[in-house]
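Student: My structure is below; once you've seen it, I'll send some questions.
The values are calculated or read from the model by the stated rules, or taken from the named source; none is laboratory data. In this text the structure is predicted, and so the values were computed from the model without any measurement. No Cβ is skipped: glycine too gets one built from the backbone with ideal geometry, and neighbour counts run over all protein chains shown. For the accessible areas, the whole protein counts, side chains as well, though only heavy atoms, and no ligand, DNA or RNA atoms are used. Shrake-Rupley method; radii C 1.70, N 1.55, O 1.52, S 1.80 Å.
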Amino acid sequence: IRARISITATIISSVAVLWRGMAGDLVGALVGQISGSLLALLLFAGACRRLDPGRVGPAMPSIAVFRALASFAFFQMLSTAMAQVVNNFSKFFLAARFGPSEVAWFGTPLSLAQRVPSMLAAAAGVLFPRISALSVSGEDHAIPNIYRISQKLLSTASLAICLPLSVMAGPLLSAWLDAEFAAHAEIPLTVLAVAFAIGGTDVAMVHTML
């Protein structure tokens with residue numbers, strides 16, 4: 001259920017961002033991005049309420065629980081901030097060395113290509129609870145088979161998405177933005193698509209190790 005919800009929210013968000021982006025509506029694209037996160041949150045809450053209504057409902061945590069949640073939230077916020085700094089370091093470097101146009105030619109393809117591993121990670125989210133359930137039930141012998149199947153499916157999906165994206169980078173960018181922008185951003189998108197196609201082969205391994 002977790003994987004289905006994550007994939008659904010990611011696809012809807014990506015379609016909304018591309019749709020409004022192609023129309024030149026940056027605010028609409030941002031709303032589409034936010035709506036995906038809100039949709040995932042609502043679907044998760046509804047699924048938990050439906051699966052275990054006796055344990056899901058309004059709660060009033062103690063002060064100790066609030067402190068623990070605040071500590072965890074601070075850690076998550078710091079982790080997210082550091083991840084953003086690392087992810088955008090290349091953009092800062094390009095902006096300082098070459099100028100804002102080069103940042104756009106690189107940053108836009110990067111934002112587009114990054115949606116592929118996000119969707120693969122959402123699909124791989126099912127691995128941890130499935131492997132945990134097998135371990136608790138004493139079916140450890142089935143875990144390697146689950147890993148092999150997941151590795152094959154996610155690797156195939158990564159190649160099936162990224163390779164056409166690399167081949168059609170120019171026409172896609174021309175339709176989404178314009179031919180002049182595509183002339184500069186086609187090569188970065190092609191390289192990034194190939195890189196994410198290769199990187200997508202380790203998604204199953206990472207989520208299995210969790």
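Student: Taking region 104-133, which residues are open to solvent by less than 30 Å² (accessible area, probe 1.4 Å) and at pLDDT 75 or above?
Tutor: Within region 104-133, Gly107, Pro109, Leu110, Leu112, Ala113, Val116, Leu120 meet the criteria.
Student: Mind counting the residues in region 162-173 that are open to solvent by 40 Å² or more (accessible area, probe 1.4 Å) and over 18 Å from Ser118 (Cα atoms)? Break it down stepwise before answering.
Tutor: We begin by selecting, within region 162-173, every residue open to solvent by 40 Å² or more (accessible area, probe 1.4 Å); these are 163-164, 167-168, 171-172.
Filter once more, keeping what is over 18 Å from Ser118 (Cα atoms): 167-168, 171-172.
Residues that pass the stated criteria total 4.
Student: Taking the residues in region 81-103 that are modelled with pLDDT of 70 or more and of a type in the set (D, E, K, R) as candidates, determine which candidate is surrounded by the fewest Cβ atoms within 10 Å (Cβ to Cβ).
Tutor: For region 81-103, the residue satisfying everything is Arg97.
Student: Counting only residues that are in contact (Cβ under 8 Å) with a residue 24 or more places away in the chain and either within 13 Å of Ala193 (Cα to Cα) or of a type in the set (D, E, K, R) (or both), give me the helices (runs of 4 or more DSSP H) lying completely in region 84-174 with at least 3 of them.
Tutor: Because the criterion is at least 3 residues that are in contact (Cβ under 8 Å) with a residue 24 or more places away in the chain and either within 13 Å of Ala193 (Cα to Cα) or of a type in the set (D, E, K, R) (or both), the helices (runs of 4 or more DSSP H) in region 84-174 that meet it are 100-113, 115-124, 143-167.
Student: Does Leu159 meet the test of being at pLDDT 75 or above, hydrophobic (A, V, I, L, M, F, W, C), open to solvent by 30 Å² or more (accessible area, probe 1.4 Å) and within 18 Å of the chain's Cα centre (by Cα)?
Tutor: yes
Condition check ((1) hydroxyl-bearing (Ser, Thr, Tyr); (2) open to solvent by less than 60 Å² (accessible area, probe 1.4 Å)) across all residues:
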{"residue": "Ser137", "(1), (2)": "yes, no"}
{"residue": "Arg148", "(1), (2)": "no, no"}
{"residue": "Leu153", "(1), (2)": "no, no"}
{"residue": "Ala175", "(1), (2)": "no, no"}
{"residue": "Glu186", "(1), (2)": "no, no"}
{"residue": "Thr201", "(1), (2)": "yes, yes"}
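Student: Taking the conditions exactly as written (modelled with pLDDT of 80 or more, part of a helix (DSSP H, G or I), β-branched (Val, Ile, Thr) and open to solvent by less than 60 Å² (accessible area, probe 1.4 Å)), does Thr190 satisfy them or not?
Tutor: Numbers: modelled with pLDDT of 80 or more: yes; part of a helix (DSSP H, G or I): yes; β-branched (Val, Ile, Thr): yes; open to solvent by less than 60 Å² (accessible area, probe 1.4 Å): yes.
For Thr190, the condition - modelled with pLDDT of 80 or more, part of a helix (DSSP H, G or I), β-branched (Val, Ile, Thr) and open to solvent by less than 60 Å² (accessible area, probe 1.4 Å) - is met.
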